[in-house]
Amino acid sequence: MIINAENYERTFNVLHIEDNEADCLIFKELLSEQNKNISITNCYDGEEAINYLKDGTNNKPDIIILDLNIPKITGIEVLTWLKNDKKMLHIPVIILTTSILENDIISCYENYANCYLRKPKNLNEYISIADRINKFWLETVVLINSN
C-alpha cells in the first residue's frame, strides 16, 4: 500500500537510532508536536536497533533516523545491514549525526542512505530539522506502508 500523510489518516512509525537520551527526547517532542500521526521508537545502540528490526512482532518503521556514532554496532554497519535486507531495503534512512568526515558521508551514500544531515547544535536548529523532516518525509514523500 502506498501512503502519504496528506491523503491518509494513519500513524507513521519512525525508528530513531541514537545513543544520546537527551537528543532522543528533544527530537521526539519536536517531531510529535509537528505531526500528531507519528509514533517514535528509540533504540540506543546498533545491536538493539537490529534486534528490534528483526523482531517480527514490532511494526516496521516508515522511516529510520540514524546516528553514526552509536555503541555496539556502528551506524554505518546498521545502514549496511538494512540495505542488504530485502525486507528493509525500501525504508528511507536519514542520517542525523555530528560527523562531517568525508569518508562517513561517502560511505553513507555508497550504502544507500537517503540523506545525510548534520545534527543540530541548538534548540532552534533542532526545531528546523524536525520541521523539515516532517514536511518532506511525512507530508510530501509518498511512502510504502511496511505493515
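The values are calculated or read from the model by the stated rules, or taken from the named source; none is laboratory data. These numbers come from a predicted model, not from an experiment. Neighbour counts are summed over all protein chains in view; Cβ atoms, including those assigned to glycine, are modelled from backbone coordinates with ideal geometry.
Restricting attention to the range 54-65, report how many residues are assigned to a loop (DSSP other than H, G, I, E, B) and surrounded by 14 or more Cβ atoms within 10 Å (Cβ to Cβ).
Here the count works out to 4.
Just the residues that are among the aromatic types (Phe, Trp, Tyr) and under 12 Å from the mean Cα position of the chain (by Cα), please, taken from the range 12-51.
Selection gives 12, 27.
Can you tell me which residues in the range 94-147 are touching a residue at least 24 places away in the same chain (Cβ under 8 Å) and part of a loop (DSSP other than H, G, I, E, B)?
Within the range 94-147, 98, 99, 111, 112, 113, 119, 141, 142, 145, 146, 147 meet the criteria.
Given the criterion more than 23 Å from residue 105 (Cβ to Cβ), surrounded by 13 or more Cβ atoms within 10 Å (Cβ to Cβ) and touching a Pro at 6+ places or on another chain (Cβ under 6 Å), identify the matching residue among 13, 35.
Result of the check over 13, 35: 13.
Looking for something closer than 21 Å to residue 41 by Cα, charged (D, E, K, R) and either in contact with a strand residue (DSSP E or B) (Cβ under 9 Å, 6 or more places away or on another chain) or surrounded by fewer than 18 Cβ atoms within 10 Å (Cβ to Cβ) (or both) - is there at least one such residue anywhere in the range 66-75?
Within the range 66-75, one or more residues are closer than 21 Å to residue 41 by Cα, charged (D, E, K, R) and either in contact with a strand residue (DSSP E or B) (Cβ under 9 Å, 6 or more places away or on another chain) or surrounded by fewer than 18 Cβ atoms within 10 Å (Cβ to Cβ) (or both).
What are the pairs with Cβ atoms under 6 angstrom where one residue, in the range 41-59, is free of Cβ contacts under 8 Å to residues at least 60 places away in the same chain and the other, located anywhere, is surrounded by 18 or more Cβ atoms within 10 Å (Cβ to Cβ) and assigned to a helix (DSSP H, G or I)? Sequence gap at least six, or different chains.
Within 6 Å, the pairs are 42/24; 43/49; 46/78; 49/78.
Taking into account only those residues within the range 76-109 that are among the hydrophobic types (A, V, I, L, M, F, W, C) and in contact with a Phe, Trp or Tyr (Cβ under 6 Å, 6 or more places away or on another chain), which is surrounded by the most Cβ atoms within 10 Å (Cβ to Cβ)?
Among those that are among the hydrophobic types (A, V, I, L, M, F, W, C) and in contact with a Phe, Trp or Tyr (Cβ under 6 Å, 6 or more places away or on another chain), it is 95.
Condition (residue is in contact with a Lys or Arg (Cβ under 6 Å, 6 or more places away or on another chain) and either closer than 17 Å to residue 141 by Cβ or at pLDDT below 95 (or both)) applied to the range 59-71: is it met by at least one residue?
Checking the range 59-71: not a single residue is in contact with a Lys or Arg (Cβ under 6 Å, 6 or more places away or on another chain) and either closer than 17 Å to residue 141 by Cβ or at pLDDT below 95 (or both).
Kindly evaluate residue 43 against the criterion of being modelled with pLDDT of 95 or more, over 25 Å from residue 142 (Cβ atoms) and touching a helix residue (DSSP H, G or I) at 6+ places or on another chain (Cβ under 8 Å).
yes
Filter the range 122-137 down to the residues that are surrounded by fewer than 15 Cβ atoms within 10 Å (Cβ to Cβ) and hydrophobic (A, V, I, L, M, F, W, C) and list them by number.
Scanning the range 122-137 gives 123, 136.
Out of all the residues in the range 75-85, which are under 19 Å from residue 14 (Cα atoms) and either among the aliphatic types (A, V, I, L, M) or assigned to a loop (DSSP other than H, G, I, E, B) (or both)?
Residues satisfying the conditions are 76, 78, 79, 82, 85.
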